[in-house]
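Reviewing the structure listed below.
The values are calculated or read from the model by the stated rules, or taken from the named source; none is laboratory data. Predicted model, so just to flag it, every value in this text is computed and none were measured. Reconstructed Cβ throughout: ideal geometry from the backbone, glycine too, with neighbour counts over all protein chains shown. Accessible surface areas use protein heavy atoms only, side chains included; no ligands, DNA or RNA. Shrake-Rupley method; radii C 1.70, N 1.55, O 1.52, S 1.80 Å.
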Amino acid sequence: MSTILLLLASNIFMTFAWYGHLKFRHSPLWIVILASWGLAFFEYCLQVPANRYGSYRFTTVQLKIMQEIITLVVFSVFSLLYFREALRWNYAISFLFLVGAVFFAFKK
């Protein structure tokens with residue numbers, strides 16, 4: 001459970017680092033790069049332990065699949081709340097295919 005919570009928290013920082021600056025298009029690029037790197041520092045402080053702790057329970061492929069699903073969930077919520085973008089039907093179908101990938105990655 002700690003792996004999932006750490007991955008979730010790291011993805012929140014990552015999403016803001018990668019996409020949050022798009023609301024500030026008039027800010028100088030060097031400022032948003034520094035701000036993004038500042039946020040990415042905290043993302044790494046959570047991501048690295050998540051993978052370290054998770055590696056005792058999950059394979060690296062399972063960790064990566066979990067990471068991608070969590071990224072998609074965090075980004076979807078971020079996109080809806082931060083950018084007010086609608087979740088379209090084709091995005092939902094894509095998400096379901098990724099859930100299928102998780103199923104098969106964890107199937108013994």
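Filtering the range 65-94 down to residues that are among the aromatic types (F, W, Y) and in contact with a helix residue (DSSP H, G or I) (Cβ under 6 Å, 6 or more places away or on another chain), which residue is modelled with the lowest pLDDT?
Residue satisfying both the conditions and the ranking: F75.
Would you call L72 of a type in the set (A, V, I, L, M), within 22 Å of F103 (Cβ to Cβ) and open to solvent by 60 Å² or more (accessible area, probe 1.4 Å)?
When the stated conditions are applied, L72 does not pass them.
Hey, among L80, L87, which residue is of a type outside the set (S, T, Y), open to solvent by 50 Å² or more (accessible area, probe 1.4 Å) and part of a loop (DSSP other than H, G, I, E, B)?
Answer to the selection: L87.
I'm told R57 meets every condition in (1) open to solvent by 40 Å² or more (accessible area, probe 1.4 Å); (2) touching a residue at least 12 places away in the same chain (Cβ under 8 Å); (3) under 24 Å from K107 (Cβ atoms); (4) in a helix (DSSP H, G or I) except one. Can you identify the failing condition by its number?
Every listed condition holds for R57 apart from (4).
Restricting attention to the range 1-31, which residues are farther than 14 Å from T71 by Cα, open to solvent by 20 Å² or more (accessible area, probe 1.4 Å) and touching a Phe, Trp or Tyr at 6+ places or on another chain (Cβ under 8 Å)?
Within the range 1-31, S2, L22, K23 meet the criteria.
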